Amino acid sequence: MKNIRIGTRDSQLAMWQAEWVQSQLTKLYPDLNFELVSMKTKGDKILDVPLSKIGDKGLFTKELEQGLLNDELDMAVHSLKDMPTLLPPGLIISAFCEREEPRDVFLSKNGVRIEDLPSGAIIGTSSLRRKSQLKHYRPDLSFMDLRGNLQTRWRKLQESDMAGIVLAAAGVKRLGWEERITQILPEDIMLSAVGQGSIAVEIDEKRSDIAELLSRLNHTPTEQAVHAERTLMRKLEGGCQVPIGALGQVADGQIVLRGMVASLDGLRLIKAEAKGTDPETVGIEVADRLIDLGAASILAEIR
Ligand SMILES: NCc1[nH]cc(CCC(=O)O)c1CC(=O)O
């Protein structure tokens, strides 16, 4: 029986996602054997520095990509959100799996909603996107850097005087933590990260055999939405280390894309929106509108 190697990081969320891909492929192709190969990435090893300070592209992906290029892996499963908008030469995303809930959620220690927190309450997050938007919404809150996998972040919340943490709904749901959610943050307050909620499967572009297997895992509306989001991100030259949010929603072949850029202090926050049928055009249109409204100077200050 032919053996196909699926690369993944070894965090609980990454393993859940890779096992999900493995089980989907096993159902579709019962005559093939799908093996999980787990690896640690630089992002898993450096845990005491906010991602925005490490400033490296592909922190969570590079080791797996090396595996693809060295023929140690046949495919690599990632959270799309963790993938740079430009991939290393020779690699492609072969499947964008159907997106889970894309929004962020608030996990509060005592079940207090974000609008009801007292002034000065501490929120745990290292994400510039989350911090900037929350500062804009509640300038009276405080923040504490918080990194590590989801288990670590939940444990730190319990052990500290933080009032709550903000996480992606998708990861929280995949770990079965729904009952820990205090509230889903509406996208008007907290626009999610580019690609959030979608699992991407990356391959060597020469492996048409693997691409054929994966074509059945691709979800076209998700692909269109995230294509528009990633086009916007590329045009603004943002990585996951800048306060940019974007959410594409597809209905009847129309893509509605919303984008957001904010300053680190949350004082300036710009939003723009466009709709259309071509993801690239829509992505560029929203990026251009954001630039017209001052996004370039906000981003230049941050870099
Ligand atoms: N930055 C880490 C990361 N990468 C993807 C997810 C969630 C899963 C997803 O977006 O598909 C998370 C955790 C989080 O931000 O709460």
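Where a number appears in this text, it was derived from the coordinates with a stated rule and is not lab data. This one's a predicted model, so the numbers in the text were calculated from it and none came from an experiment. When we count neighbours, we look across all protein chains shown, and the Cβ atoms used for this are built from the backbone with ideal geometry, even at glycine.
Other residues with beta-carbon under 10 Å from the beta-carbon of SER94 carry, at +1 per Lys or Arg and -1 per Asp or Glu, a net charge of -3.
Taking every full run of DSSP H in the chain, the ones that stretch at least 15 Å from end to end by Cα along their long axis and average -0.5 or higher on the Kyte-Doolittle scale are 12-28, 279-292.
Each of HIS227, HIS219 has some number of other Cβ atoms within 10 Å of its Cβ, and from fewest to most they run HIS219, HIS227.
Between ASP145 and LEU69, the modelled label-to-label distance comes to 2.9 nm, taking each label 7 Å out from Cα in the direction of the beta carbon. Calculated mean residue ellipticity at 222 nm for the chain: -10000 deg cm²/dmol, from DSSP H runs with n ≥ 4 weighted as -39500 (n - 2.57), summed, divided by the residue count and rounded to 500.
Rounded to the nearest 0.05, what FRET efficiency do GLU212 and LYS27 give with R0 = 22 Å and r taken as the Cβ-Cβ distance? Could you check?
Efficiency, rounded to the nearest 0.05: 0.85.
Amide H contacts under 5 Å for GLU98: HIS219, restricted to partners 5 or more places along the chain or on a different chain, H placed in the peptide plane at 1.01 Å from N.
Label-to-label distance, ASP252 versus GLU35, with points set 7 angstrom from Cα along the beta-carbon direction: 5.0 nm.
For LEU73, the residues 5 or more places off, or on other chains, whose built amide H falls under 5 Å of its own are LEU68. Each Lys and Arg adds +1 at its Cβ and each Asp and Glu adds -1 at its Cβ; summed about the Cα centre, the chain shows a dipole of about 720 debye. Computed from the C-beta positions of GLU237 and LEU264, the FRET efficiency with R₀ = 25 Å rounds to 0.90.
Backbone amide hydrogens, once placed in the peptide plane, bring ARG9 within less than 5 Å of MET39, excluding anything fewer than 5 places away on its chain. Net charge near SER108, counting Lys/Arg +1 and Asp/Glu -1 over other residues with Cβ under 10 Å of its Cβ? Surrounding charge for SER108 is +2.
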